[in-house]
Amino acid sequence: MTVPRTPPALSGARVLVLRPEVRARSLLAALADAGATGQAIAVTAVRPPSDPASFDSAVLALAGGDYDWVGLTSVNAVELVAARARALRLDPAIPADTRVAAVGPATAAAAHALGIAVDLVPTGPGSAAALGAAWPAAAGGATALLPQSELAGDTLTDLLTAKGFRVVRVGAYRVEPVPLPATVAADLSGGSYDAVVLTAGSVVGALADTRPAAGTVVVALGEPTAEAARRTGLTPVVAERPTDDGLMAALVAALEHRRRR
């Protein structure tokens, strides 16, 4: 007797991922394996910092061993610090005795891929608050460099300052919005997507003029992204881990719940 095959977990679902395709390949592959059709769209563009000289000075000081810690709070920060160090002919970009903290698994993986050892990654959802809570207190007036988006909030800076660190924060890049393509916006508002994945707080603005149709599942990569979405009136499901596996688990659970309603 032939045993009926169990259909893939997301069979037939259409999922919009607000992330550049080059950074969404593993998630798109996971969606395909689960029977879904994934589409990645970049809705932000990373631009050079407003003050490139200050960023260069920070990268030079980091390579020179002037900081006890460096906090990497995004994949962009990892890649841009490394790229600027290469351009300035600094090797290594981060000395072996400078401790490195990463906000979450994806950021840590990006650092490892570039040969940067990571000393601290918080457990649970990746956020500035979680990283600051996990960061050990300063010893003897230790210094910490935070190369961040110019849109980054004060949470991590404030938490590290309270722990006794002398914090130097520098803009490593700017994030600018890119409008959704008209066809994608029409499909999203018209209900052609079963789910939309928000991968950072900075992408939420892409939905300001395009509301997902009623019943569209909205999944946020982590609590900071979810909070940005809630401020615009969305009600997201939050991935328990800020990883592709976490996003997939949240998507499967949310779409199954929608199907049963």
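Just to be sure I understand the filter: pairs with C-beta atoms under 7 Å, separated by 6 or more residues or on different chains, first member in region 5-34 and of a type in the set (Ser, Thr, Tyr), second member outside any strand (DSSP E or B). Which pairs pass?
Once the first residue is of a type in the set (Ser, Thr, Tyr) and sits in region 5-34, its partners that are outside any strand (DSSP E or B) give 11/35; 26/244.
Can you pull out every residue in region 160-175 that is part of a strand (DSSP E or B), touching a Phe, Trp or Tyr at 6+ places or on another chain (Cβ under 9 Å) and of a type outside the set (Phe, Trp, Tyr)?
168, 170, 171, 172
With the structure loaded, tell me whether residue 123 is in a loop (DSSP other than H, G, I, E, B) and hydroxyl-bearing (Ser, Thr, Tyr) or whether it fails that test.
yes
Quick one: in region 229-261, which of the residues that are part of a loop (DSSP other than H, G, I, E, B) and β-branched (Val, Ile, Thr) is surrounded by the fewest Cβ atoms within 10 Å (Cβ to Cβ)?
Once the filter is applied, the top-ranked residue is 235.
Quick one: in region 18-40, which of the residues that are of a type outside the set (S, T, N, Q) and in contact with a helix residue (DSSP H, G or I) (Cβ under 6 Å, 6 or more places away or on another chain) is surrounded by the fewest Cβ atoms within 10 Å (Cβ to Cβ)?
By that ranking, first place goes to 30.
Values quoted throughout were computed directly from the atomic coordinates according to the rules given, and no laboratory measurement underlies them. These numbers come from a predicted model, not from an experiment. Here the Cβ is made from the backbone with ideal geometry for all residues, glycine too, and neighbour counts use every protein chain on show.
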